[in-house]
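Asks: So that we are looking at the same thing, I have put the structure below in structure tokens.
The values are calculated or read from the model by the stated rules, or taken from the named source; none is laboratory data. Worth saying up front: this structure is predicted, and the values here are computed from it rather than measured. Glycine also receives a Cβ, built like all others from the backbone with ideal geometry; neighbour counts cover every protein chain displayed.
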Amino acid sequence: MNLKITTWNINSIRLRIGLVTDFLKRHAPDIVCFQETKCRDSEFPLSALRQAGYEHILINGQKGYHGVAIASRLPLGEASRRDFCDKGDARHIGAAFEVGGRSIQLHNFYIPAGGDEPDPEINAKFAHKLAFLDEFHEWTRAAEISQANTILVGDFNVAPHEHDVWSHKALLKVVSHTPVETDKLKAILGDGAWVDALRRFRPMDEKLYTWWSYRSPDWAKADKGRRLDHVWVSNALGPNLTAMDILREARGWERPSDHAPVSVTLAF
């Protein structure tokens, strides 16, 4: 069977629930992971997702900020929620599920954006981001994570490679593409336990974006994008990857998120 997983920074799920249900109807992923849901658990639009066929839903939310969720057609195990950096932020949710006779661990992240100034001495948000990436790296090294059938998805808020941004030179001092951030994320991949699923299907010398700023008056024409959204799979699942899709057209929908839905397909 095929398994399709989507990750999408929705930038307020209540505001964009109509876009979400339309996407689910048209593209039918088996599991969808949201970031920046921006609502408390009690305010999450459970009924709309259940009516769309996604009966298994896990939430880690907070009022007005951050928030992550997993909605699935497949049964999900008990949720795990790690409080990275002990900030009390809703930035992670994980769960296990069964497919093709295999147990899969799925973890959904919203890594801090880091503010505008790439200096941890004067910008507490950037210091938080760097600390989060360090803790994330240590977490990925755990044998029960890296050696299992594991999928990591989410808005990592780092565009690690030269062609993950519209201009490597112009963005070297811009948060999300500074060397200190990109080196930390690439070091995790450098451990050799993970497959960058999107780059498995698109060569490193080809531009690849998942996010286009609201600040651009004509985002499509300017095409000044960045690849902030990621899907990684453990080496055990690398051979199962069969397809990848970034739904760029979603950025042009009415009142869209600034992130496009990113999907990967695995065969079991």
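Asks: Give the residues of region 243-267 that are surrounded by 13 or more Cβ atoms within 10 Å (Cβ to Cβ) and either free of Cβ contacts under 8 Å to residues at least 24 places away in the same chain or not in a strand (DSSP E or B) (or both), sorted by residue number.
Replies: D245, L247, R248, A250, R251, W253, P256, S257, D258, A260, P261
Asks: Residues that are farther than 26 Å from S146 by Cβ and either modelled with pLDDT of 95 or more or not basic (K, R) (or both): which helices (runs of 4 or more DSSP H) entirely in region 174-240 hold 3 or more of them?
Replies: So the answer is 219-222.
Asks: Collect the residues in region 232-242 that are in contact (Cβ under 8 Å) with a residue 60 or more places away in the chain and surrounded by fewer than 16 Cβ atoms within 10 Å (Cβ to Cβ), keeping them in residue-number order.
Replies: Scanning region 232-242 gives a single hit, T242.
Asks: A follow-up question, please. Do we have any residue at all in region 130-143 that's closer than 27 Å to R40 by Cβ, assigned to a loop (DSSP other than H, G, I, E, B), under 20 Å from the mean Cα position of the chain (by Cα) and not hydroxyl-bearing (S, T, Y)?
Replies: Within region 130-143 (the criterion being closer than 27 Å to R40 by Cβ, assigned to a loop (DSSP other than H, G, I, E, B), under 20 Å from the mean Cα position of the chain (by Cα) and not hydroxyl-bearing (S, T, Y)), the answer is no, since none of the residues qualifies.
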